[in-house]
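Here's the structure, in structure tokens; my notes come after.
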Amino acid sequence: MDKKKVDISFTFIAAIIGFMIAVQFQSIQKPNERDTRDIWQLREALLKEKEIQSNLLKQIRLTEEKLAAYESKRKQSKEQALRDTLEELKSEAGLTEITGPGISLLIEPVIEDIKIGDYQTNVVSPELLQRLLNELNMYEARNIAIDGQRIINTTVIRDINSETKIDGHTIKNLPVEVKVLVSDQSTAEKLYNRMKVSKARDEFFIESLRLTIGKPESNITIPAYSNPIRIRYMEPAEEGGGS
């Protein structure tokens, strides 16, 4: 091999080595991906991330507080519903005083009979009172009190030793007031008109008693039932029990 060919080969190899060195140096000087942010920029980015995290935690706390408030409100609503239901049941059972529209009736002796000595001190018989109650109920009476005694579903009117008793209360003297409550003023008007032409007045008159029908009123008060209510043939239900 002559000197000229050797020089050409050496030059070609040197060119290749130089090109490879240049490429490697360029890669080191300009990498494809490199984070060129300084320390302050990194700190700023970290602060932003922390701020985002703080906002998320704040939103979570607010949501949890709302859920707790909703749960508390739901429990309170249940308790209030139970209280309202209890009051409603007590009212329906006659255990609370009630005021509303209605009429008053007055049972008194017939003066003419007293003068001729025919009046009996046995006042009002249980049969007369029971027939009167049946008629009032037929005409949409909702609550009734006789001589200050509230009438409920379990009330017993009977004769004991020639005395008329309402759940143990003795009707001793005349006059006796009967208070009747209805649903509204219009029903009170209807009840008044029906009782004005009722046969009950004749039935009382036969017994030397006068039944006077008072005009409708908007505010008649009936007392609560004062006697203990005895419940028979009922037992508490067992939880999850079957037959």
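The values are calculated or read from the model by the stated rules, or taken from the named source; none is laboratory data. Owing to the predicted nature of the structure, the values given are computational and were not obtained by experimental measurement. Please note: Cβ atoms are built from the backbone with ideal geometry, for glycine as well, and neighbour counts cover all protein chains shown.
Looking at 160, 171, can you tell me which residue is surrounded by fewer than 20 Cβ atoms within 10 Å (Cβ to Cβ), assigned by TED's automatic domain parsing to the domain that holds residue 124, at pLDDT below 95 and aliphatic (A, V, I, L, M)?
Within the list 160, 171, the selection yields 160.
If we scan region 2-25, do we find a residue that is of a type outside the set (A, V, I, L, M), surrounded by 10 or more Cβ atoms within 10 Å (Cβ to Cβ) and either at pLDDT 75 or above or under 30 Å from residue 215 (Cβ atoms) (or both)?
Checked against the condition, which is being of a type outside the set (A, V, I, L, M), surrounded by 10 or more Cβ atoms within 10 Å (Cβ to Cβ) and either at pLDDT 75 or above or under 30 Å from residue 215 (Cβ atoms) (or both), region 2-25 yields no hits at all.
Out of all the residues in region 199-208, is one or more under 38 Å from the mean Cα position of the chain (by Cα) and surrounded by fewer than 16 Cβ atoms within 10 Å (Cβ to Cβ)?
Checked against the condition, which is being under 38 Å from the mean Cα position of the chain (by Cα) and surrounded by fewer than 16 Cβ atoms within 10 Å (Cβ to Cβ), region 199-208 yields no hits at all.
Within region 144-154, take every residue that is out of contact with any helix residue (DSSP H, G or I) (no Cβ under 9 Å at 6 or more places or on another chain) and of a type outside the set (Asp, Glu) and give me the one that is surrounded by the fewest Cβ atoms within 10 Å (Cβ to Cβ).
Going through the qualifying residues, I end up with 153.
Just a yes or no: is a residue in region 208-223 modelled with pLDDT under 90 and farther than 24 Å from residue 129 by Cβ?
Checked region 208-223: no residue is modelled with pLDDT under 90 and farther than 24 Å from residue 129 by Cβ.
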